Amino acid sequence: MSGPNTSYDPVEVAALDPQAVDDAVSAALAAASSAGTLDELRAARSAHQGDRSALALANREIGALPPSAKAEAGKRVGQARGRVAAAFAARHAELEAERDERILTEEAVDLTVVPPRRVGARHPISLVTERVEDIFVGLGWEIAEGPELESEWLNFDALNLGPDHPARQMQDTFFVEPADSSGLVLRTHTSPVQVRTMLDREPPIYVLCPGKVFRTDELDATHTPVFHQFEGLVVDEGITMAHLKGILDVFVARLFGAGTATRLRPSYFPFTEPSAEIDCQCWICSGTDASCRTCRGTGWIEVGGSGMVNRRVLTASGIDPDRYTGFAFGLGIERSLMLRHGVADMHDIVEGDVRFSTQFGMEI
Ligand code: DAH
C-alpha cells in the first residue's frame, strides 16, 4: 500500500517549478497586454487561464503533493493565478472601455445633418391655376366656384344647349344616373358657374371660375377624362367685344410674357353670340419659324373659346339683356401647359410622379 510520498519535492514536479510558474505568469501577462481586441483577449484567456493552461495544470498537481509541500506550492500557484486573473480583468476593462468609446464616436448621430429626404413640389396644374387667378384678382376680379357634380340644366339647358341641340352630344358626358332620372352630371365645362354666378349676384360681375371638368374620354397622350378649365365672365353695362379682346391681351402678356398678342377667330358656341376661338401668338417662335412644332408654322395657338354672352343665357340667368351685356371665355389648363412647356404626353400630367412636378419649380 502506498502512503503519501513524504519525500516528494514540489520543485521536482515540472509544472510546479517556481521558474515554470513565473514563466507561465509572464507569458500570460504578455498575452493579456498584447491582446488588441476583446476576441483576442478571450482567446489568450482560454490559453493562459483555461483548464489546459500551465497554471491550471500546476494547480491540479498540488493535490498530489505531500501535505507539507501543499501550502507553499498552493500559495505560489494561487498568487500566480491571481496575478494572471487580475491582468486579464484589467485588460478586459480597458478593451471594453475602448470599444464603448469607439462605438460612441462611430455611431454618433449628427443632429445637424439634414436627412436626404426628397421634397415634394406643387403640381404644375395648381401652379398655373394660381398664376391665372393672381392675374385676374390683380385686375379686380373675384374668384367664383361651383360644384363638380352639376345639374344638367345648369351644365346644358341654361347655356342654350337644349335637349336636342347637336352640340350637347359634342361634350361626352358622365351621367350620374340614367339621363332621364336624376338630372345630375359631372360638369363637362366650367361654363355652368357663369349661370350660377349670374343667378347669385347682380351686375357688375367680374369673375374667374377655375375648376375640374369631366368628359368620357379615354386617357391617352392628348386626352384625359378629368381636366381643368377656367372660365371668365364679365357682365356690366356697355360691355363689348373690345373689352374681351383687351382683357385677353393683358392676360396672355402677363402669363406668357409682354408682347404676346391674341387673335379672335369666328366660331360657334351656343352660349355666346357672336363667338370666337381665342388664338394666342406662338410663344416659341412668335410666327417667325415655318417649321415650329408648337404652332405648326402658323404663328398662332388655339387656347380656348369666347364670345359675347348669348341673350338667352342672360335671360335664363335672370339678367336683363337690354340693360346689360357681357363676355365670357373658357380655357383649358392641361392644353396650355402641354403647349407652353412642350409636355408631349398627358400621362405625365395625370400620373403624379414628383419627378415631373419638380421640373416646374419647387414652389410650396
Ligand atoms: N365651355 C366651352 C368648352 O368647354 C369653352 C367656352 C367657349 C367657354 C366659349 C366660354 C365661351 O365661356 O364663351 O369647350
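The values are calculated or read from the model by the stated rules, or taken from the named source; none is laboratory data. Since this is a predicted model, take the numbers as computed values, not measurements. Cβ atoms come from the backbone with ideal geometry, glycine included; neighbour counts cover every protein chain shown. Surface areas here come from the heavy atoms of the whole protein model, side chains and all, with no ligands, DNA or RNA. Shrake-Rupley method; radii C 1.70, N 1.55, O 1.52, S 1.80 Å.
Results, tabulated for the structure shown:
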read-out	value
Count - residues of the range 179-195 that are open to solvent by 10 Å² or more (accessible area, probe 1.4 Å) and either in a loop (DSSP other than H, G, I, E, B) or among the aromatic types (Phe, Trp, Tyr) (or both)	5
Residue check for Leu127: assigned to a helix (DSSP H, G or I) and either over 30 Å from Phe256 (Cβ atoms) or touching a Gly at 6+ places or on another chain (Cβ under 6 Å) (or both)	no
Number of positions in the range 79-89 that are touching a residue at least 12 places away in the same chain (Cβ under 8 Å) and open to solvent by 10 Å² or more (accessible area, probe 1.4 Å)	4
Test: residue in the range 312-324 that is within 11 Å of the ligand (Cβ to nearest atom), more than 30 Å from Ala121 (Cα to Cα) and polar (S, T, N, Q)	no
Some residue of the range 164-178 being within 16 Å of the ligand (Cβ to nearest atom), in the same structural domain as Glu334 (by TED's automatic domain parsing), open to solvent by less than 30 Å² (accessible area, probe 1.4 Å) and touching a Pro at 6+ places or on another chain (Cβ under 6 Å)	yes
Residue in the range 267-277 that is touching an Asp or Glu at 6+ places or on another chain (Cβ under 6 Å), over 29 Å from Leu186 (Cβ atoms) and not polar (S, T, N, Q) present	no
Count - residues of the range 197-225 that are open to solvent by 60 Å² or more (accessible area, probe 1.4 Å) and basic (Lys, Arg)	2
